[in-house]
Amino acid sequence: MKNPFFKTMIKAILIAGMAIAVCNCGDDSTSANNDNNGNVNTPVALGEPTRHYNDNGLDVYITEDGRVLDANGLQVGFTDKDSGSIMTMEGATLATGVDFNALPLIPAASGTKPSKVLNAAGQDYVISPAVDNAFDAEGHALGTVTDASGVQTGYFVYITDSYGYITTLDMTVALQDIDLNQYPDYNPTAASSASQQETPIPTLSSETVILTSSDSQQALSSNNQQPASSAQQPKSSASQPKSSDSQPTSSAARGCPEIKYVSGGESGSGHATRYWDCCKPSCSWKENAGDHRAKQCSVNSTTLITDPSSQSVCDGGNAMTCTSQTAFTIEGCDNIGFAFAAVPAFKSACGRCFELTFTGQGKYETKMNHQKLQGKKLIVMASNVGGDVSNGQFDIMIPGGGYGAFDGCSGKMDWGDMRNSERYGGLLSDCENQVGYSGNDSQIYTKRKECLVGKCNSIFAKDEAAKEGCLFLANFMEAAGNPTHTYKEVECPKELADRY
């Protein structure tokens, strides 16, 4: 699927007349900015913190994870923060040399949504909507967190308008990866058995609350929560304080390796797709990855090739992806999976790792398959790039996941015939079409999994490694197509680095 030999960024094809929506706001808007041409454009607050870029007729908003939005919050492009470039969705360069950190910070818009309530370790957390003029140094809106009696116990940091984490009053992270859409609206009468009186929920003062950059970064990168199954409520942190020189880490579940977050590393949200095209990975080329190259194998996909200049099977050569780079799990580590993935072609990501946390929703549909995936984590290592991979998207390497733009497998692997399978989406898409998209959700969940398991066992009957990778999609991933996730950059665990 990915570019078999990718030395440079996607060539920019200038697209004339790209329309960028400009807001004509009223008196309640924030102060206006002038671009270098003297034009006045009033920035608007969107559903997440943004940086406002307004120059030479280009009026857009840059999100934390590098998306470019118009004034209506619709994505119209992406950024390459390494080169300071703003590009269209097609890859055309609109601006270069931009210092994104110097752009005006626009906090997320606050709303009038109802408070939410969740219970963890026997404690109620009542989460208020974001409060006007309350945000941290990164521009994330803040809401108050109280107990059921109305006593404030901390804050809720809104990464998006419905997702974030809970802190204590001193901004120490208490609970992370909270999707408010998964929890009920707060009913004070039902929440407190000790009193039938509605308890007012305290709010922040009207004064702006600003955290220091170090406080905010620590809050964003720390995570002391135990990984939980999709059926469990989040658990509170009970770990001992770490020494001042230790790196933020996620707690290791039984049998799971310790996952260490990269301080100041990349984070954001997106969705996961799947593919396996057998082509030589882009990160196997010395020009793309230097001495930190991904392994490449001969046509049987198991014997290593050491010559970095070997041509890809997708270009008539004999170098291809090794089947040792299929997705896998570790015994005793039920809620964390491991895989290799392709990332957007404009990123320099070869050999970098990311932790994906699934939200329980899908990009195009949400079925029980997606809901059962909620809370599971997938550690991925970038070994490939793709011009058809968007920002925040990780294209997971799954045998039978679809060939995509390239097919280096047919006639070269001892697999069943997949030429009539869906080119984008592969065997799971075949099963989705076969089972259908409407009807009893429980039956859809069961039938899609059964269908995919049958196809994996049949197509890859003679290739155990490929079969296990295919079954990973059915079992660990719950046969969920295009699930959404949040992601954070992590240090690569040995389990992935050894296979890379």
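Conditions: (1) in a loop (DSSP other than H, G, I, E, B); (2) under 30 Å from Gly290 (Cβ atoms). Asp414 meets all but one. Number of the miss?
(2)
Give me a count of the residues in segment 352-384 that are open to solvent by less than 10 Å² (accessible area, probe 1.4 Å) and of a type outside the set (Ser, Thr, Tyr).
15
Considering only residues of segment 466-495 that are touching a Cys at 6+ places or on another chain (Cβ under 9 Å) and open to solvent by 30 Å² or more (accessible area, probe 1.4 Å), which is farthest from Gly425 (Cα to Cα)?
Glu491
Quick check, is Ser442 hydroxyl-bearing (Ser, Thr, Tyr), surrounded by fewer than 20 Cβ atoms within 10 Å (Cβ to Cβ) and under 25 Å from Gly387 (Cα atoms)?
No; evaluated as a whole, the condition is false for this residue.
Looking at segment 329-347 only, could you name the residues that are open to solvent by 10 Å² or more (accessible area, probe 1.4 Å) and either acidic (Asp, Glu) or within 17 Å of the chain's Cα centre (by Cα) (or both)?
Passing the criteria: Glu331, Asp334, Asn335, Phe346, Lys347.
Hey, among Asn133, Asn72, which residue is open to solvent by 60 Å² or more (accessible area, probe 1.4 Å), under 16 Å from Tyr155 (Cβ atoms) and modelled with pLDDT under 80?
From the options Asn133, Asn72, the qualifying one is Asn133.
Among Asp395, Asp388, which is the only one that is in a strand (DSSP E or B) and either farther than 18 Å from Asn288 by Cα or acidic (Asp, Glu) (or both)?
Asp395
Within segment 398-414, how many residues are under 17 Å from Val313 (Cα atoms) and buried (at least 21 other Cβ atoms within 10 Å of the Cβ)?
Qualifying residue count, segment 398-414: 7.
Could you look through segment 283-294, keep only residues that are modelled with pLDDT of 90 or more and in contact with a helix residue (DSSP H, G or I) (Cβ under 6 Å, 6 or more places away or on another chain), and pick out the one that is surrounded by the fewest Cβ atoms within 10 Å (Cβ to Cβ)?
Ala294
Given the conditions (1) open to solvent by 50 Å² or more (accessible area, probe 1.4 Å); (2) more than 23 Å from the chain's Cα centre (by Cα); (3) under 23 Å from Asp388 (Cα atoms), and given that Tyr424 satisfies all but one, which numbered condition is not satisfied?
(2)
The values are calculated or read from the model by the stated rules, or taken from the named source; none is laboratory data. Just so it is clear, the structure is predicted and the values come from calculations on it, not from any experiment. Here Cβ is always computed from backbone atoms with ideal geometry, including for glycine, and neighbour counts include all displayed protein chains. To get the accessible areas, we keep the full protein, side chains included, count just its heavy atoms, and leave off ligands, DNA and RNA. Shrake-Rupley method; radii C 1.70, N 1.55, O 1.52, S 1.80 Å.
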